[in-house]
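The values are calculated or read from the model by the stated rules, or taken from the named source; none is laboratory data. The structure displayed is predicted, hence computed values, not measured ones. Neighbour counts run over all protein chains shown; Cβ positions are idealised from the backbone, glycine included. Heavy atoms of the whole protein, side chains included, go into the accessibility calculation; ligands, DNA and RNA do not. Shrake-Rupley method; radii C 1.70, N 1.55, O 1.52, S 1.80 Å.
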Amino acid sequence: MRNEGSISILHVVFLTMTFIGLKNHVTIIPSILASAGRDGWASVLLGVLGTFVWTFLLVYVHKKTNQEPIKDWLKQRVGKVLTAIVLYVTALYLLLLAAFTMRETLLWVSTTFLRNTPFIVLLIVFTILIMFLAASGLQTIVIVNVFVLTGVVVLGFFVAFVNLQVKDYGLLRPFFEHGFQPVLTGAIYPSSGFVELLMLLFIQHKIQKRMRWYHFGLMLVILTGLTIGPLVGAITEFGPSEAAKQRYPAYEEWGLATIGRFIEHVDFFSIYQWLTGTFLRVGFILYVCAEILNVQDDKKQVWSKLAPPFFFICLALTLIRENDFIIINEKYFLISTFFFFIILSLFLTIIALTSRKSSTKGKDKNNKKSGEKQSNQVKTTQNT
């Protein structure tokens with residue numbers, strides 16, 4: 001049976017465009033440029049090919065769980081203690097993921113258009129708004145996402161086409177000037193966003209139909225476009241060297257957007273794109289945390305159990321100096337995100353494999369017992 005608040009596959013696709021799209025469209029671009037330079041587009045393609053193979057693990061787990069809640073499925077197979085350890089570790093990491101997104105967004109806000117606003121004020125306001133979204137439920141999140149995403153997509157195409165007048169695609173050559181090693185190194189950054197598709201398993205019981213491999217393939221194709229678009233745009237507009245020096249290349253591209261001689265300074269549209277993306281990304285991640293902790297249906301518990309740790313983690317990250325935070329995020333956290341989701345997916349796959357074998361053995365034993373009972377009944381009837 002499906003919940004009344006179940007969502008469609010189309011809603012899932014739109015949701016991934018927002019909560020993963022923000023990361024791959026904005027925050028990982030500097031890391032790709034620093035690692036692979038002008039060949040960053042090849043890193044994205046390499047990353048999506050590897051991730052596509054990995055998605056078959058998600059499809060397998062999704063099928064074997066029969067769209068049950070992951071927390072219930074794990075409890076039946078590995079017991080309460082191990083399930084609690086896995087779920088609490090996952091929830092803690094997701095809180096860190098949301099906090100890093102919040103810290104980076106507020107860092108951008110405070111360095112661009114709200115320089116004189118105290119950081120603590122921004123953090124309190126954003127935390128309250130995002131907690132309202134997380135506590136409102138999945139159906140509200142996907143409805144808000146549809147309306148917000150429409151404007152984000154329109155503005156994205158707008159800046160892409162308007163800046164065609166300043167793009168020089170010759171800056172993409174020569175290909176692989178430093179060999180294949182930088183491309184391979186840079187592939188981990190887009191992959192760290194692609195592997196966040198695993199979070200969909202934690203809401204699989206809210207989805208109306210079973211997700212197939214081509215659904216994940218469609219999401220990856222869309223996310224690839226969202227990643228390559230601003231990456232190639234930054235290289236062709238600023239050059240690989242200058243783009244690599246910029247902290248927010250996707251934002252700087254808006255500074256070049258002009259229509260004719262009299263319409264310019266339209267970069268305020270990027271504020272809408274980034275803030276709404278953060279709003280939905282962090283809100284969805286916190287909702288997944290509530291789902292893991294089994295408090296998603298109680299708004300008071302969502303506020304009491306998620307808001308304090310999320311706020312204090314964000315507050316702790318603000319104590320880190322800006323340059324140190326950027327290094328930690330690019331050099332360590334993005335890479336750790338990739339390995340965390342890979343390890344978690346392998347764990348779920350192993351549980352699905354072993355549970356299938358154990359269930360098969362159980363069926364064989366039951367069949368043997370029933371066969372013995374039938375033979376004994378036949379013998380007794382023959383004797384009588």
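Observations, loosely collected:
- Annotation: amide H of LEU256 has no partner in the under-5 Å range at sequence separation 5 or more or interchain, hydrogens built in the peptide plane.
- Here r is the Cβ-Cβ distance between ASP324 and LEU129 and R0 is 35 Å; the resulting FRET efficiency, rounded to 0.05, is 0.80.
- Percent RCO, i.e. relative contact order, over the chain, from Cα pairs under 8 Å lying at least 6 residues apart: 39
- Accessible surface calculations at 1.4 Å, restricted to protein heavy atoms, place the chain at 48 Å² per residue.
- Residue separation of PHE312 and GLN76 scaled by 0.36 nm, minus their Cα-Cα distance, works out to 81.6 nm of gained length.
- Diagonalising the gyration tensor over the Cα atoms of region 197-353 and scaling each eigenvalue by 5 before taking the square root yields semi-axes of 33, 22, 19 Å, largest first.
- DSSP-loop chymotrypsin sites (Phe, Trp or Tyr not before Pro) across region 218-270, with at most 14 other Cβ within 10 angstrom: PHE262, PHE268
- In this structure the amide hydrogen of ILE7, modeled in the peptide plane, comes within under 5 Å of the amide hydrogens of ILE207, GLN208, none closer than 5 places in sequence on its chain.
- Counting every pair of alpha carbons in region 141-274, the share spaced more than 20 Å apart comes to 58 percent.
- Isotropic mean projected area of the C-alpha convex hull, region 48-183 (nm²): 14.2
- Per residue Cα convex hull volume in Å³ - calculated over the chain: 161
- If R0 is taken as 25 Å, the Cβ-Cβ distance between GLN181 and PHE333 corresponds to a FRET efficiency of 0.65.
- Label-point gap, in nm, between THR150 and ARG115 - each point 7 angstrom along Cα→Cβ: 3.7
- Relative packing of peptides 299-309, 111-121, 37-47 - highest average C-beta neighbours within 10 Å first: 37-47, 299-309, 111-121
- For the chain, the share of accessible area belonging to carbon and sulfur comes to 64 percent (1.4 Å probe, ligands and nucleic acids excluded).
- Axial C-alpha extent at least 18 Å, average Kyte-Doolittle at least 1.6 - helices from the chain (DSSP): 119-135, 138-162
- Computed on the Cα trace of region 103-193, the radius of gyration divided by the Kirkwood hydrodynamic radius gives Rg/Rh = 1.10.
- Farthest toward positive dipole pole in the chain [+1 Lys/Arg, -1 Asp/Glu at C-beta], among LEU96, VAL159, ALA257: LEU96
- In the chain, the DSSP-assigned H stretches of four residues or longer account for a calculated mean residue ellipticity at 222 nm of -25000 deg cm²/dmol, using -39500 (n - 2.57) per stretch and the full residue count as denominator.
- 19 Å Cα-Cα threshold exceeded, pairs from LYS245/LYS331; LYS23/LYS331; LYS23/LYS300; LYS64/LYS206: LYS23/LYS300
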